[in-house]
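Everything below concerns the one structure shown next.
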Amino acid sequence: MSTSHSRIKRVTQSDVAAMAGVSTAVVSAVTSSRPGKTIRVGKDAEKRVRAAMETLGYAPNVVAQSLAGGKRNIIGVFTYEAIFPSDSENFFYPFLLGIERGAMMLGQDLLLFTSSSLEQGPRSIFPNGANRMGVADGAILLGEEPDKRELKQLYDTGFPFVTIGRRDPEDADVNWVAADYVTAVADVVERCTELGHRKLKFVGARNVREQNIDRETGFLQQQGSGLELSVERLAAEEIDANWLARCLEDGNTVVLTETFRHAVALERQVLAQHGTVPDSISIVALAAPLNRSADVERWTRISVPREEMGELAVRNLISQISSPDNAAIKATLPCGLVPGSTLKNN
């Protein structure tokens, strides 16, 4: 748990008004989208207000403009994924089940932010500069690749949120719930050594985020004691016949793949060379596919406690809403190793 208390206080209309040299009523008139405004604002004053908003990182709360203050017992769920995870086979769907269970236990209503405000590009929390989640007391954020600039902006406004997955944007001490990939991957390596493997290769994606770092860290923790460990980062499409030949010539007997796409691409090349998994080489997938299929059951893989993570995210969010001055809550939950037919004795 972090002990940092450098976070700025939530910016208010009064702060914007003071910087712009206007009244709070003028700021309200500039930020309000309601028809029939009773205050007319000159272009120069509006320009100063908007400049102050940008400088202070102020995002108007759409509910605060129309309702009195106070908790509404509503928490939002926002995803950066192109399609909201409503399909039970989607990787993110179990998180929603856990979030729903946690919300029910704590008497919270859920508001799902399902529509993108942009015709093209990723979803945005701040379309047109306004926090579209302001209708809720706080929010849980899902998605493989959240925009860290938006996380920092959301943090600076003081809006309570928890991310599913470890997220550490610069200068923002955010709340997150994550899988303990470090311990999980270290346990995978230990299991491989018990089966007689001594030369292991870790294959990961080129785009390195926090969860990628955690998996690699767990892998390299087991370096030594007669083990030879190597790490290579490349796109799944780059795993071809030549790559496989080099991997086998180097003496690797098991490959730990950071993504399921890498695992599938590697097996495809093994089969193309008239080999089999695990007879030619063993494979362990360190992540589940984004869309589950029956084929996944045969893979030796890591199991992430997604429902439990969703439920814990709700509890931690409510804690942060109730005590906004407390330090950020950072929690990890243990993963499991699911045995399959893609790993065998060496």
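The values are calculated or read from the model by the stated rules, or taken from the named source; none is laboratory data. Because the structure is predicted, anything quoted here is derived from the model rather than measured. A quick note on method: Cβ atoms are made from the backbone with ideal geometry, for glycine too, and the neighbour counts reach across all protein chains shown. What goes into the accessible areas is simple: the full protein's heavy atoms, side chains included, and nothing from ligands, DNA or RNA. Shrake-Rupley method; radii C 1.70, N 1.55, O 1.52, S 1.80 Å.
Remarks
- Search result, residues across region 134-163 that are under 17 Å from the mean Cα position of the chain (by Cα) and either open to solvent by less than 10 Å² (accessible area, probe 1.4 Å) or hydroxyl-bearing (Ser, Thr, Tyr) (or both): Gly138, Ala139, Ile140, Leu141, Leu142, Gly143, Leu151, Leu154, Tyr155, Phe161, Val162, Thr163
- Hits in region 130-179 (condition: of a type in the set (A, V, I, L, M, F, W, C) and within 19 Å of Met309 (Cα to Cα)): Ala139, Ile140, Leu141, Leu142, Phe161, Val162, Ile164, Val174, Trp176, Val177, Ala178, Ala179
- Scanning region 317-334 for residues that are under 15 Å from Ala178 (Cβ atoms) and surrounded by fewer than 21 Cβ atoms within 10 Å (Cβ to Cβ) gives Ala328, Ile329, Lys330, Ala331, Thr332, Leu333, Pro334.
- Selection status of Phe78, touching a Phe, Trp or Tyr at 6+ places or on another chain (Cβ under 9 Å), modelled with pLDDT of 90 or more and either closer than 26 Å to Ser303 by Cβ or assigned to a loop (DSSP other than H, G, I, E, B) (or both): yes
- Screening Ala59, Ala68 for residues that are modelled with pLDDT under 80 and in contact with a Ser or Thr (Cβ under 8 Å, 6 or more places away or on another chain) leaves exactly one candidate, Ala59.
- Filter result for the condition that a residue is touching a residue at least 12 places away in the same chain (Cβ under 8 Å) and open to solvent by less than 30 Å² (accessible area, probe 1.4 Å), over Ala263, Ala241, Ala272, Ala288: Ala263
- Any hit, region 182-195, residues being open to solvent by 40 Å² or more (accessible area, probe 1.4 Å) and of a type in the set (A, V, I, L, M): no
- Leu96 vs. criteria at pLDDT below 90 and either part of a helix (DSSP H, G or I) or among the hydrophobic types (A, V, I, L, M, F, W, C) (or both): no
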